[in-house]
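Here's the structure we're looking at; comments come further down.
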Amino acid sequence: MKFSTSNLTLPRIAKQATMRLYINVDHVATLRQARRATEPDPVAAGLECERNGADGVTVHLREDRRHIQDADVRRLAAEVTTVLNLELATARAIVALAVELRPHQATFVPERREEITTEGGLDLATEATRPGEPLRRAIDQLQEAGVRISLFLDPDTAVLDYAARLKVAAVELHTGEYSNATGALRDKALARLRHAAAHAKAAGLAVHAGHGLTYENVKPVAAIPEIEELNIGHSIVSRAVFVGLGQAVREMRARIHEAR
Ligand code: PXP
């Protein structure tokens, strides 16, 4: 069955508050993998986030499996009661797993083996010239499986126009430049995010944002009216070390709420 972009807005997503907070629990898996042990369990962490007000759980199944493992995604797909947002690149085995598990949302991200974390948004112009167009194929496969598609992109209007032509439901604006900047450069990066969010929304795309957001810098981004979903991981898991995961989630929710 072919899905159009309009019916990819899942009822469970539509019913939620105007700003959704999805929590990325990769960092919990990173701690587990440091010892190749069984704890801490990222699935239990995801469920704890849900119990404390998260609207969804995000994980990135990387090709090098450095943190989240296939078994984690399988368990999350079975146990998450809100929304599972799976970040992935176009590796065939991972796309096949996503088609099998049908997370509520799949966010395509670029991946380079040597990077510490996702460094930039997808380069859609380059993706379009790759032999076999693996991104286009993966989007089609997942949309046919009923999965809502988001693309992780730099806040650049030309790239967003490209995304609109790909007929995906959403884009996630990369907030890394904003998060890494200070002073006037941060203001400039924020203005770029605002402009990109308005541009994407006008082009018919739902607007998400994430990467490097913290308790300290989240409010100006959460205040951008077109943005309806934030994906935050590192800052929340870092704070959880001191106050517990539930409290860390509630504090981030409160910050976002204050900004809207
Ligand atoms: N969004 C995307 C697409 C990401 O790749 C990441 C990092 O895994 C995040 C959001 C969350 O970033 P952070 O851990 O810095 O909050």
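A few comments on the model shown:
- Residues that are within 13 Å of the ligand (Cβ to nearest atom), surrounded by 17 or more Cβ atoms within 10 Å (Cβ to Cβ), modelled with pLDDT of 95 or more and not in a helix (DSSP H, G or I) do not occur anywhere in region 237-260.
- Hey, A106 under 21 Å from A203 (Cβ atoms) and more than 15 Å from the ligand (Cβ to nearest atom) or not: no
- Between V95, V73, V43, the distinction of being within 16 Å of the ligand (Cβ to nearest atom) and not in a loop (DSSP other than H, G, I, E, B) belongs to V73 only.
- Across region 102-136, the qualifying residues are those that are loosely packed, with under 14 Cβ neighbours inside 10 Å and farther than 26 Å from N180 by Cα, and the one among them that is nearest to the chain's Cα centre (by Cα) is A128.
- Flag for A89 being modelled with pLDDT of 95 or more, small (G, A, S) and within 15 Å of the ligand (Cβ to nearest atom): yes
- Screening L193 with (1) among the aliphatic types (A, V, I, L, M); (2) in contact with a Pro (Cβ under 6 Å, 6 or more places away or on another chain); (3) more than 16 Å from the ligand (Cβ to nearest atom) gives one miss only, at (3).
- Residue match in region 143-150 (condition: in contact (Cβ under 8 Å) with a residue 24 or more places away in the chain, touching a strand residue (DSSP E or B) at 6+ places or on another chain (Cβ under 7 Å), outside any helix (DSSP H, G or I) and closer than 25 Å to T214 by Cβ): yes
- Some residue of region 188-201 being within 15 Å of the chain's Cα centre (by Cα), within 22 Å of T18 (Cα to Cα) and at pLDDT 95 or above: no
- Taking each residue of region 233-246 that is under 15 Å from A44 (Cβ atoms) and looking for partners that are within 8 Å of the ligand (Cβ to nearest atom) and in a helix (DSSP H, G or I) with beta-carbon atoms closer than 6 Å, six or more apart or interchain, yields V237/H27.
So that you can scan it fast, the table gives a plain yes or no per residue for (1) touching a Pro at 6+ places or on another chain (Cβ under 9 Å); (2) among the polar types (S, T, N, Q); (3) not in a helix (DSSP H, G or I):
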| residue | (1), (2), (3) |
| --- | --- |
| T126 | no, yes, no |
| D140 | no, no, no |
| A163 | no, no, no |
| G212 | no, no, yes |
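- Q33 being of a type outside the set (A, V, I, L, M) and within 18 Å of the chain's Cα centre (by Cα): no
- The set of residues from region 175-187 being surrounded by 13 or more Cβ atoms within 10 Å (Cβ to Cβ) and assigned to a helix (DSSP H, G or I) comprises G176, E177, Y178, S179, N180, R186, D187.
The values are calculated or read from the model by the stated rules, or taken from the named source; none is laboratory data. What you see is a predicted model, and the numbers here were worked out from it, not measured in a lab. Don't worry about glycine lacking a Cβ; one is built from the backbone with ideal geometry, like all the others, and counts go over all protein chains shown.
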